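Here the structure comes first, spelled out in C-alpha cells, and everything after it is commentary.
The values are calculated or read from the model by the stated rules, or taken from the named source; none is laboratory data. Please read all numbers here as calculations on a predicted model, not as lab measurements. FYI the Cβ positions are ideal-geometry reconstructions off the backbone, even for glycines, and counts take in every protein chain you see.
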C-alpha cells in the first residue's frame, strides 16, 4: 500500500476527539471548506475538504494530491465523495464514491447503503459486491462527520465501525489530553486523540479544535514509534448554505 493510500485511509477517522467533552445537545455540523499541508516522508501534498448542506443531509468531498516537486513522483489525485442523511442521533451514509488516479492501486469504487435491508452494494473496479451490515457502519468520509456530530452532541463512543469499501473494520479511540497548538491556519486549544484500527500496527494522533466542530488541526501517523506522516490545517472557511 502506498504512502498516499495510507494517508487517505487515515482521513477516514480524522474527526475523533476526547471522550469526556461536553457540547450543546443537537448541535448541527457547520458547512465549511478546509485545506491541509501534508508531508509523507519526502513527499509533499495537499488535502482539500468541503462539507455542504442539502435539504436532508450533507455532501462531503475530500481530495488529496501531490504538490511541488512531489508531482514528479506522484501525479494524479484521490477524490472521495459521500452523501449522508441527517438523523436524530447523528448521520447515516447513503452513497460513497472514490476515484484514485494517484496511487498504484488506481481504484474506482461506488457504494450504496440500504438501511432497510442492512445491505451495502456497489462496485470496485467494475466488479460488483454485496455486503451485510449487522450494525451501523460508515464509509471513509461519513465516519468523520458522524464522529464530529457525536462530539458536538456530547455522545461520543470509544469504537466506531468503518466500512472500508468492502471490508468492515473496528476503530478504537482514546483521549490523550489537551494543549495549545499552532498551525498555518492559526492557534487553537486542541484535544488530543489517538486511534487505531483493530489489528493494525499504525497509530494515528490527532489534535482537534472544539471551535472548528472538532475538526483536526494536526494529524500524525506513527508506525513502530517512527513518524511516517504529518498534516497541518492551513486554511479554514465557513461555507454558506
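Observations on the model:
Results for (1) touching a strand residue (DSSP E or B) at 6+ places or on another chain (Cβ under 8 Å); (2) surrounded by fewer than 16 Cβ atoms within 10 Å (Cβ to Cβ); (3) free of Cβ contacts under 8 Å to residues at least 12 places away in the same chain, shown as yes or no for each residue.
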{"position": "119", "(1), (2), (3)": "yes, yes, no"}
{"position": "126", "(1), (2), (3)": "yes, yes, no"}
{"position": "129", "(1), (2), (3)": "yes, yes, no"}
{"position": "135", "(1), (2), (3)": "yes, yes, no"}
{"position": "138", "(1), (2), (3)": "yes, no, no"}
{"position": "141", "(1), (2), (3)": "yes, no, no"}
{"position": "148", "(1), (2), (3)": "yes, no, no"}
{"position": "152", "(1), (2), (3)": "no, no, no"}
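- Residues in the stretch 25-44 that are part of a loop (DSSP other than H, G, I, E, B) and either more than 17 Å from residue 86 (Cα to Cα) or at pLDDT 50 or above (or both): 26, 27, 28, 29, 30, 31, 41, 42.
- Matching entry among 49, 54 (being modelled with pLDDT of 60 or more and either touching a helix residue (DSSP H, G or I) at 6+ places or on another chain (Cβ under 6 Å) or exposed (fewer than 15 other Cβ atoms within 10 Å of the Cβ) (or both)): 54
- Count of the stretch 158-185 residues which are more than 30 Å from residue 107 (Cα to Cα) and touching a residue at least 12 places away in the same chain (Cβ under 8 Å): 11
- First in the stretch 31-48 and touching a residue at least 24 places away in the same chain (Cβ under 8 Å) and on the phi < 0 side of the Ramachandran plot, second anywhere and crowded, with 16+ Cβ neighbours inside 10 Å and in a loop (DSSP other than H, G, I, E, B), Cβ under 8 Å, 6 or more apart: 32/213; 43/74; 45/74
- Matching residues in the stretch 187-213 - criterion: being assigned to a strand (DSSP E or B) and in contact with a helix residue (DSSP H, G or I) (Cβ under 6 Å, 6 or more places away or on another chain): 195, 204
- Meets criteria (assigned to a loop (DSSP other than H, G, I, E, B), within 26 Å of residue 89 (Cβ to Cβ) and under 16 Å from the mean Cα position of the chain (by Cα)) for residue 216: no
- Residue in the stretch 12-22 that is surrounded by 14 or more Cβ atoms within 10 Å (Cβ to Cβ), closer than 24 Å to residue 160 by Cα and at pLDDT 60 or above present: no
- Test result for residue 105, surrounded by 20 or more Cβ atoms within 10 Å (Cβ to Cβ), over 30 Å from residue 155 (Cβ atoms) and in contact (Cβ under 8 Å) with a residue 60 or more places away in the chain: no
- Residue match in the stretch 100-117 (condition: over 22 Å from residue 199 (Cβ atoms) and in contact with a helix residue (DSSP H, G or I) (Cβ under 7 Å, 6 or more places away or on another chain)): yes
- Given (1) surrounded by fewer than 17 Cβ atoms within 10 Å (Cβ to Cβ); (2) free of Cβ contacts under 8 Å to residues at least 60 places away in the same chain, index of the condition residue 89 fails: (2)
- Residue match in the stretch 174-189 (condition: closer than 26 Å to residue 41 by Cβ and within 18 Å of the chain's Cα centre (by Cα)): no
- For the stretch 182-209, a residue qualifies if it is crowded, with 19+ Cβ neighbours inside 10 Å and farther than 17 Å from residue 229 by Cα, and the qualifying residues are 185, 188, 190, 191, 209.
- If you go through the stretch 219-241 and keep only what is touching a strand residue (DSSP E or B) at 6+ places or on another chain (Cβ under 6 Å), assigned to a loop (DSSP other than H, G, I, E, B) and either at pLDDT below 85 or buried (at least 23 other Cβ atoms within 10 Å of the Cβ) (or both), you end up with just 241.
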